[in-house]
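S.K.: Questions regarding the structure given below will be posed in turn.
Every number here is computed from the coordinates shown, using simple stated rules; none is lab data. Since the structure is predicted, the reported quantities are computational estimates derived from the model, not experimental observations. Reconstructed Cβ throughout: ideal geometry from the backbone, glycine too, with neighbour counts over all protein chains shown.
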Amino acid sequence: MEFFLDTAEMKEIETGLEWGMVDGVTTNPSLIAKAGKPYLPTVQAIAKLVPGPVSGEVLATEYEEILSQGHRLAKLADNVVVKVPLTPDGLRAVAAFKKEGIRTNVTLCFSATQALLAAKAGAAYISPFVGRLDDVAEEGMELIEQIVTIYQNYEFDTKVLVASVRHPVHIVQAAMLGADVATIPFKVLEQLYKHPLTDAGLDRFLADWKKTGKTFDS
Ligand code: E4P
């Protein structure tokens with residue numbers, strides 16, 4: 001299972017890369033706005049820093065404009081994946097990008113039918129938003145299960161990228177269901193390491209050895 005960081009904060013990406021847990025990055029307009037940075041230069045800077053795929057989202061909603069912005073994003077670096085909204089114009093653009101060899105990440109997916117359409121259009125990734133479904137009293141993870149099954153049934157190449165992750169249980173459930181990727185906020189990545197018994201056990205090991213008055217070498 002691949003881990004992408006869901007952020008536009010360079011510091012978070014640098015730390016995640018140091019930890020060896022970041023296979024790629026996803027951005028969206030809200031994340032770049034929150035970071036208070038310019039749009040295209042931020043996607044470019046992240047793509048330079050991260051060896052894996054970096055999703056940069058178009059700000060357009062109409063076909064020609066999606067194509068134009070997608071081309072500009074794709075030209076920034078070889079590892080840029082063009083993020084496109086799940087609309088008729090968006091999926092039409094996905095099919096056109098596919099013919100040109102440009103990889104796409106179809107975003108704002110909230111149903112299995114939408115995921116099926118994205119795969120048929122030739123998306124490299126589908127991003128179902130589990131947290132936002134949970135927010136409206138639907139089971140986000142049920143959607144992941146449906147998409148994984150449908151893609152397996154027809155051997156689609158489109159990877160299931162679990163998005164809108166809110167907590168570590170989402171990661172466990174996504175992994176149990178065989179999702180290809182989870183895109184994770186930095187705070188949740190930190191939480192994945194944490195267990196109180198690890199902290200307590202480490203404290204006790206170190207305290208027990210300290211009581212001997214000896215060092216690492218003696
Ligand atoms: C990533 O590709 C999505 O844009 C992101 O995970 C959405 O997360 P949110 O629902 O927490 O905004």
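S.K.: Hydropathy first: keep DSSP H helices in the chain averaging at least 0.0 on Kyte-Doolittle, then drop any whose Cα extent along the axis falls short of 15 Å, and list what survives.
M.R.: Helices meeting the span and hydropathy rule in the chain are 39-49, 140-154.
S.K.: Pull out the extension gain between Asp135 and Met10, defined as 0.36 nm times the separation in residues minus the alpha carbon to alpha carbon distance; nm, one decimal.
M.R.: Result for the pair: 42.2 nm of gain on full extension.
S.K.: Skipping prolines and chain starts, which residues have an amide H placed within reach, meaning under 5 Å, of the one on Glu2, given they are 5 or more residues away or on another chain?
M.R.: Answer set, sorted by chain and number: Val181, Ala182.
S.K.: For Met1, what charge total do you get from the other residues with a beta carbon under 12 Å from its beta carbon, if Lys and Arg give +1 and Asp and Glu give -1?
M.R.: -2
S.K.: log₁₀ I(q)/I(0) of the stretch 1-61 at q = 0.14, 0.21 Å⁻¹, via Debye over equal Cα point scatterers, no solvent, to two decimals?
M.R.: -0.34, -0.74
S.K.: From the gyration tensor of the Cα coordinates in the stretch 50-106, what semi-axes in whole Å does the equivalent ellipsoid have, largest first, with each one equal to sqrt(5λ)?
M.R.: 17, 10, 10
S.K.: Pop a pseudo-label 7 angstrom from the Cα along the beta-carbon direction at both Trp19 and Val172 and give the gap in nm to one decimal.
M.R.: Placing both labels 7 Å beyond Cα along the Cβ direction yields 1.7 nm.
S.K.: For the stretch 2-211, what ratio Rg/Rh do Cα atoms give with a Kirkwood hydrodynamic radius?
M.R.: Reported Rg/Rh, Kirkwood definition of Rh: 1.03.
S.K.: With springs only between Cα atoms under 10 Å, which of Gly70, Gly178, Gly101 fluctuates most in a Gaussian network model of the chain?
M.R.: Residue with maximal mean-square fluctuation among Gly70, Gly178, Gly101: Gly101.
S.K.: If each of Ser30 and Tyr193 carries a label point 7 Å out from its Cα toward its Cβ, how far apart are those two points in nm?
M.R.: Distance between the two pseudo-spin positions: 2.7 nm.
S.K.: Rounded to a whole number, what is D in µm²/s for the stretch 53-169 from Stokes-Einstein with the Kirkwood radius over alpha-carbon pairs (10 °C, 1.306 mPa s)?
M.R.: In µm²/s, the coefficient rounds to 112.
S.K.: Label points 7 Å out from Cα along the Cβ direction at Tyr154 and Thr87: separation in nm?
M.R.: Label-label distance for Tyr154 and Thr87, simple model: 2.3 nm.
S.K.: Would you mind telling me which residue in Gly131, Gly90, Gly201 has the biggest mean-square fluctuation in a Gaussian network model of the chain, where springs connect alpha carbons within a distance under 10 angstrom?
M.R.: Gly201
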